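> Have a look at this one.
Bear in mind these aren't lab numbers, they're just calculated from the coordinates by the rules spelled out. Please read all numbers here as calculations on a predicted model, not as lab measurements. No Cβ is skipped: glycine too gets one built from the backbone with ideal geometry, and neighbour counts run over all protein chains shown.
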Amino acid sequence: MSAVTKPMTAIETAIQEALDHGFKPNLEAFPEMAHFSLVQIAAAMTGDVFIDPAFWRALGKARRWTTDEDFKRWQGSVAEWKAQYWKTHWHALIDHLADGKDAESFFAALPGKPKAG
């Protein structure tokens, strides 16, 4: 019998995108997880991942969000830049959770198009 691969959740997809774009979770506290994939490890430690600015920067890179550097050359309005700014999305997650909503629904609706390759 072959194993059926289930599709990744929106959280796992976001974590994979961040890993693909340079995010390296701090694994020193979890040596027992050495045989798991980075996505599995990061998904298991989402509380740590969600508060790590490196995760949000890498996800922003994957989703083509704006950065602090982009603002120096930005041609649109401040409101347009902020709507695409990686930190805006990080803060929106906190507000989403504070409103009693779950992280999966937040990541499922998260804007941005992942970069190919």
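> If the cut-off is 13 Å between C-alpha atoms, which aspartates and glutamates fall inside it for Lys61, apart from same-chain ones fewer than 8 positions away?
Cross-link targets: Glu17, Asp20, Glu69, Asp70.
> Let me ask another. With 5 Å bins from zero, work out the P(r) of the chain over every alpha carbon pair and list the percent per bin.
Going from the shortest bin to the longest, the percentages are 2, 11, 20, 22, 19, 13, 8, 3, 2, 1, 0, 0.
> Compute the FRET efficiency between Ala109 and Ala44 as 1/(1 + (r/R0)^6), taking r as their Cβ-Cβ distance and R0 = 25 Å, and round to the nearest 0.05. List each step's numbers first, then the result.
On the way: r = 23 Å, r/R0 = 0.92.
After rounding to 0.05, the efficiency reads 0.65.
> How far apart, in nm, are two points set 7 Å out from the Cα along the Cα-to-Cβ line at Lys72 and at Phe36?
3.9 nm
> Of all the C-alpha pairs in the range 39-89, what % are more than 13 Å from each other?
So the portion of pairs separated by more than 13 Å is 60 percent.
> Now for a different question. Count charges around Met8 for me, please; just the other residues with Cβ under 12 Å from its Cβ, Lys/Arg as +1, Asp/Glu as -1.
-2
> Between Lys24 and Asp99, what is the label-to-label distance in nm when each label sits 7 Å out along the Cα-to-Cβ direction?
Modelled inter-label distance: 3.6 nm.
> Then there is this: Would you mind putting 58-67, 6-15 in packing order, based on average other-beta-carbon counts within 10 Å, highest first?
By packing density, highest mean first, the sequence is 58-67, 6-15.
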